[in-house]
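Notes follow once the structure below has been shown.
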Amino acid sequence: MAKKDSVNRAKAIRDYYAAHPAAKPLQVQSGLREEGIEVDTTYISTVRNQMKMKGAKLKQSKAGRPKSTGGSSKKTAKHTVRSNSSSNNFSGAYPGVSITAEALLNLKQLSIDLGGVSETRKALDLLEQLALRDE
């Protein structure tokens, strides 16, 4: 079976819109029909929307954060803490640390009450200074 001589319909639509930017799909359809190209208005709308999206992506890529120059992005690893069935502390996951899950949840709530981790760290630094002064 011989291949038909075909016209790139999407390119014809883009070229027509380049010459007639305000044309409606029906106008594009009749204009291309005069050139011997049969296209559906739905396909014309699809190509037009793809043209708009491509233009929006080009505008969007110029603004904002610069693109990566290569390499892979770093992903932060989430630590999974498993508690022992015999005790509910984290000494197995973190040697030298014996904090219970309940104490950790209380610390989390305190951190929320203080306004976040950075504020909690500031409060702990102040607490450490007070403890050193009392010695």
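General remarks:
- Those residues of segment 4-42 which are of a type in the set (F, W, Y) and in contact with a Lys or Arg (Cβ under 7 Å, 6 or more places away or on another chain), in sequence order: Y17
Conditions (1) modelled with pLDDT of 90 or more; (2) open to solvent by 100 Å² or more (accessible area, probe 1.4 Å); (3) in a helix (DSSP H, G or I); (4) not aromatic (F, W, Y), marked per residue:
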position	(1), (2), (3), (4)
A2	no, no, no, yes
S6	no, no, no, yes
S30	yes, no, yes, yes
Y43	yes, no, yes, no
K57	no, yes, yes, yes
R65	no, yes, no, yes
T69	no, yes, no, yes
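- One residue from E128, E119 being at pLDDT 85 or above, open to solvent by 80 Å² or more (accessible area, probe 1.4 Å), at negative phi and not in a loop (DSSP other than H, G, I, E, B): E128
The values are calculated or read from the model by the stated rules, or taken from the named source; none is laboratory data. In this text, all values refer to a predicted model and were calculated from it rather than measured experimentally. Glycine also receives a Cβ, built like all others from the backbone with ideal geometry; neighbour counts cover every protein chain displayed. Please note that ligands, DNA and RNA were not included when accessible areas were found on the heavy atoms of the full protein model with its side chains. Shrake-Rupley method; radii C 1.70, N 1.55, O 1.52, S 1.80 Å.
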